[in-house]
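The values are calculated or read from the model by the stated rules, or taken from the named source; none is laboratory data. Only a predicted model underlies this, so the values are computations on that prediction, with no experimental measurement involved. Because the Cβ atoms are built from the backbone with ideal geometry, glycine has one as well, and the counts that use them run over all protein chains shown. Surface areas here come from the heavy atoms of the whole protein model, side chains and all, with no ligands, DNA or RNA. Shrake-Rupley method; radii C 1.70, N 1.55, O 1.52, S 1.80 Å.
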Amino acid sequence: MNVRSLVPWGRNRDLETSRFAESTSPFLALHREMNRMFDDFFRDFDLPVRSAAWPRIELREADDQVEVIAELPGLEQRDVELTLQDGVLTLKGQKKIEKDGTVYSERWEGAFERDIEVGEDVDPDKVKASFKNGVLTVLLPKKPEAQRQVKRISIH
């Protein structure tokens with residue numbers, strides 16, 4: 001089976017007529033083509049992705065620390081840079097994929113940057129990060145004076 005036969009457009013990106021053409025909506029075809037057009041347009045600029053969607057994160061806060069967990073599939077520890085400045089944790093990196101022989105790909109590659117507001121109460125000297133199986137975990141302990149400011153209020 002030829003891999004090119006799986007791609008729904010030719011080199012000039014015109015949609016081919018296929019057995020699926022009758023069952024798909026013309027609006028769906030237009031939507032796909034517009035997405036491809038915008039992807040191709042922005043790919044040429046090589047801008048870092050500044051989206052709330054990537055990398056996906058989970059933020060947890062306790063009385064003594066803030067924990068940030070980021071999913072970074074396909075990346076290695078060396079591909080990611082972490083900085084903490086003025087209560088903002090910044091994740092930067094570059095995702096690269098090999099293109100040898102690739103005919104069609106929906107995988108994303110390029111630079112990314114995500115700023116996460118963690119607050120001024122974090123002690124920058126005690127921050128620890130670990131990276132395992134494409135998951136980055138950052139533990140940001142709070143300063144002792146910030147821990148004392150937390151007051152539990154009972155609900156009646």
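Numbers below:
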quantity	calculated
When the convex hull of its Cα atoms is projected in every direction, mean area for the stretch 52-156 (nm²)	9.0
Shape metrics for the stretch 65-119, restricted to C-alpha atoms - Rg then Dmax, Å	14.2, 47
Charge context of residue 71, other residues only, Cβ under 10 angstrom, K/R +1, D/E -1	0
Amide H contacts under 5 Å for residue 118, placed H, 5+ residues apart	88, 89
Cβ-based net charge around residue 138, under 10 Å, with every Lys or Arg adding one and every Asp or Glu removing one	0
Karplus (6.51, -1.76, 1.60) ³J(HN,Hα), θ = phi - 60°, over the stretch 59-76, in Hz, Gly and Pro reported as x	10, 10, 10, 10, 4, 9, 7, 10, 10, 10, 10, 10, 8, 10, x, x, 10, 10
Solvent accessible area, Å² - residue 54, 1.4 Å probe, full protein context	60
